[in-house]
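Peer 1: Could you have a look at this structure, given as structure tokens, before my questions?
Computed from the coordinates by the stated procedures, all read-outs in this text should not be read as laboratory data. This is a predicted model, so every value here is computed, not measured. Cβ placement follows ideal geometry from the backbone for every residue including glycine, while neighbour counts extend to all protein chains displayed.
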Amino acid sequence: MVLGYGRSVVRRKRTHARDLRARHAHRIARTRLHRAPRRSTLLAVRVEGPHVAPAGPLDQDGLVDPEWLDVAGFLENIARCRHEFPDLTILAGVEFGQPHLSESEVTSIVDLRSLDRVNGSLHTLAMGASPRAEPGTLFREQSPVDVMWAYLTEAVAMANSSAYFDVFTHLDYAVRLWPVGDAGPFDPRRFEEGFRAAMAAIASSGRALEMNTRRLWPWMPQWWVEEGGRWVTFGSDAHTPEALAANFPEAVAMLEHFDFRPGSRPEEFWSR
Ligand SMILES: [Zn+2]
């Protein structure tokens with residue numbers, strides 16, 4: 001998915017997204033729009049180590065075995081978009097899943113330092129004897145409370161690792177999948193210590209925390225600030241053009257309340 005503010009731009013660029021998806025079967029093209037209303041776009045794809053990507057067909061063991069990213073094709077598409085839309089600032093980035101576990105595999109196919117943005121994410125956990133699985137799966141098999149603590153414990157390990165990523169993205173990933181029907185409404189205070197530990201580790205690593213605007217949680221920036229966090233980014237986690245930059249005005253209001261301010265260019269992290 002790609003974006004522009006004008007409808008024609010969106011439509012034209014959807015074609016590129018289709019090209020991209022065709023070339024990179026099993027991959028999700030993702031975008032991040034950094035701060036309205038100025039025109040700045042980040043085109044990104046998700047890269048993960050073998051057997052851990054949450055999207056794509058399952059192999060016979062019920063595990064995902066995605067194809068590797070066609071890096072040259074991805075960069076070619078970016079170059080084409082830059083050429084066709086010179087008024088847009090187009091950045092290239094990746095969402096790097098489980099960077100603390102698969103850095104050498106990923107760096108063998110893409111030079112992360114050549115990209116404009118590397119978001120690190122935690123999609124899977126190893127619990128018990130099972131192979132790594134999504135929290136959504138684990139919530140059905142294990143105690144939801146234990147799954148949430150395992151997620152936060154691994155988030156600390158990921159933040160403490162030296163793996164190359166600039167931003168810890170969607171720290172609320174497991175929260176989104178919380179089994180409300182079985183476990184009741186999610187109460188972040190029950191896991192406050194774990195979230196704070198993860199945020200403190202991310203802050204002391206010098207990385208930014210993404211405010212994922214799919215869901216806005218005021219406790220997220222509050223605890224981030226209290227744990228020493230200085231930088232934030234915005235991500236709508238959009239999987240369709242219509243969802244791009246969703247809730248950005250609300251996110252801006254929330255972050256300004258905590259004294260975060262934009263940098264001089266739209267693609268810069270917000271800081272306080
Ligand atoms: Zn993700």
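Peer 1: For the stretch 82-219, give me the percentage of DSSP beta bridges that are antiparallel, rounded to the nearest 5 percent.
Peer 2: 10 percent
Peer 1: In whole angstrom, note down how far apart the Cα centers of the stretch 208-227 and the stretch 112-154 are.
Peer 2: Measuring centre to centre over Cα atoms gives 19 Å.
Peer 1: Moving to a separate point now. Below 15 angstrom from the Cβ of Val180, what's the summed charge of the other residues (Lys, Arg +1; Asp, Glu -1)?
Peer 2: That works out to +1.
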